[in-house]
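> Take a look at the following structure, please.
The values are calculated or read from the model by the stated rules, or taken from the named source; none is laboratory data. Small disclaimer: the values here were computed from a predicted structure and weren't measured. With ideal geometry, Cβ positions are generated from the backbone for all residues, glycine too; neighbour counts draw on all protein chains shown.
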């Protein structure tokens, strides 16, 4: 993993373990944007194309859905898993589209990753037509027993004072967008109107082995893997699996809260 911040090296695991479980949040996000049959939709940070596929089902054959991501690995895996989804490599800043190209835009758990979210939202609004809608979602849950056990395990191999700045670099706004008020303020300041936010709850069921393996796809796991190397990472995951096996049932039930926000361009 040359750059631990990239999803390239974990795309296969993400698609196998997480993608099937994240269909429901993606579907709720797309429905919030409410694209009509024949609409043109942009999926920002499409990953392996989960939300883009849901959008395609709503706009139909007369519509157009384009997914963009800066992870070539995620796009390659997504093209194999969902060949009907149109994707291209691009970043939210300096989008390769003309003004007012899309009727709706969705961003599935991507807003917190933007280094400059204000600039990204500005360009998203540029390519959105007047009265078009943007829908974004963000994790809103706080630390529970599962995440506490994971972080405590991580601290045994990577000190907190090393871990925290690294994760803040990879996901600079994850704490900001856990707040309903901050998310609403951000969208209003970007120029969106009629902003509505709903809190939704999801329950994801994982076989214990899959849950532990899936921890390596997130920013904390990717960073620890880069610090330990492949052999050290494998040994570390074995210890985590043994610890989780003693503390949690199999399968694991992962309860997550998500904010779903939608706003309209004037």
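> When you scan segment 183-198, do you find a residue that is more than 16 Å from the chain's Cα centre (by Cα), under 25 Å from residue 14 (Cα atoms) and either modelled with pLDDT of 95 or more or not in a helix (DSSP H, G or I) (or both), even just one?
Scanning segment 183-198, I find no residue that is more than 16 Å from the chain's Cα centre (by Cα), under 25 Å from residue 14 (Cα atoms) and either modelled with pLDDT of 95 or more or not in a helix (DSSP H, G or I) (or both), so the answer is no.
> Here's another thing I want to ask about it. Check residue 174 against each of (1) buried (at least 19 other Cβ atoms within 10 Å of the Cβ); (2) assigned to a loop (DSSP other than H, G, I, E, B) and name the one condition it does not meet.
(1)
> Right, here's the next one. Looking at segment 51-73, I want the residues that are closer than 17 Å to residue 14 by Cα and have a partner that is surrounded by 20 or more Cβ atoms within 10 Å (Cβ to Cβ) and at pLDDT below 95 with Cβ atoms under 7 Å, at least 6 apart or on another chain. Which pairs are those?
Taking only residues 6 or more apart or on different chains, not a single pair turns up.
> Taking the options 260, 212, name whichever one is in a strand (DSSP E or B), modelled with pLDDT of 95 or more, buried (at least 20 other Cβ atoms within 10 Å of the Cβ) and within 25 Å of the chain's Cα centre (by Cα).
Being in a strand (DSSP E or B), modelled with pLDDT of 95 or more, buried (at least 20 other Cβ atoms within 10 Å of the Cβ) and within 25 Å of the chain's Cα centre (by Cα) holds for just one of 260, 212, which is 260.
> Another one. Please determine, by comparing only the residues of segment 90-112 that are out of contact with any helix residue (DSSP H, G or I) (no Cβ under 7 Å at 6 or more places or on another chain) and either more than 26 Å from residue 259 (Cβ to Cβ) or without any contact (Cβ under 8 Å) to a residue 60 or more places away in the chain (or both), which one is surrounded by the fewest Cβ atoms within 10 Å (Cβ to Cβ).
By that ranking, first place goes to 98.
> Another question about this same structure. Give segment 119-159 a look and list any residue that's over 30 Å from residue 36 (Cβ atoms) and in a helix (DSSP H, G or I), or say none.
Answer for segment 119-159, where residues must be over 30 Å from residue 36 (Cβ atoms) and in a helix (DSSP H, G or I): 145, 146, 147, 148, 149, 150, 151, 152, 153, 154, 155.
> Hey, another quick one. Select from segment 131-146 the residues that are at pLDDT 95 or above and either surrounded by 15 or more Cβ atoms within 10 Å (Cβ to Cβ) or more than 22 Å from residue 242 (Cβ to Cβ) (or both) and list them in ascending order.
Passing the criteria: 131, 132, 133, 134, 135, 136, 137, 138, 139, 140, 146.
> Give me a count of the residues in segment 177-204 that are touching a residue at least 60 places away in the same chain (Cβ under 8 Å) and either crowded, with 16+ Cβ neighbours inside 10 Å or more than 12 Å from residue 138 (Cα to Cα) (or both).
Residues in segment 177-204 being touching a residue at least 60 places away in the same chain (Cβ under 8 Å) and either crowded, with 16+ Cβ neighbours inside 10 Å or more than 12 Å from residue 138 (Cα to Cα) (or both): 19 in total.
> Further question: When you scan segment 31-41, do you find a residue that is under 15 Å from the mean Cα position of the chain (by Cα), in contact (Cβ under 8 Å) with a residue 24 or more places away in the chain and buried (at least 17 other Cβ atoms within 10 Å of the Cβ), even just one?
No, segment 31-41 contains no residue that is under 15 Å from the mean Cα position of the chain (by Cα), in contact (Cβ under 8 Å) with a residue 24 or more places away in the chain and buried (at least 17 other Cβ atoms within 10 Å of the Cβ).
> Moving on. Just give me the residues in segment 241-257 being more than 30 Å from residue 199 (Cβ to Cβ) and under 26 Å from the mean Cα position of the chain (by Cα), in sequence order.
Result: 241, single match.
> For segment 148-163, name all the residues that are surrounded by 12 or more Cβ atoms within 10 Å (Cβ to Cβ) and more than 17 Å from residue 228 (Cβ to Cβ).
Hit for segment 148-163 is 149, nothing else.
> Looking for something within 30 Å of residue 135 (Cβ to Cβ), at pLDDT 95 or above and assigned to a strand (DSSP E or B) - is there at least one such residue anywhere in segment 217-235?
There is no residue in segment 217-235 that is within 30 Å of residue 135 (Cβ to Cβ), at pLDDT 95 or above and assigned to a strand (DSSP E or B).
> Further question: Is segment 222-236 home to any residue that is under 17 Å from the mean Cα position of the chain (by Cα), more than 30 Å from residue 102 (Cα to Cα) and loosely packed, with under 14 Cβ neighbours inside 10 Å?
Checking segment 222-236: not a single residue is under 17 Å from the mean Cα position of the chain (by Cα), more than 30 Å from residue 102 (Cα to Cα) and loosely packed, with under 14 Cβ neighbours inside 10 Å.
> Pick from 147, 115, 87, 119: which is closer than 20 Å to residue 215 by Cβ and without any contact (Cβ under 8 Å) to a residue 60 or more places away in the chain?
147
> Hey, among 44, 85, 10, 23, which residue is out of contact with any strand residue (DSSP E or B) (no Cβ under 7 Å at 6 or more places or on another chain), closer than 30 Å to residue 226 by Cβ and buried (at least 22 other Cβ atoms within 10 Å of the Cβ)?
Matching residue, one of 44, 85, 10, 23: 10.
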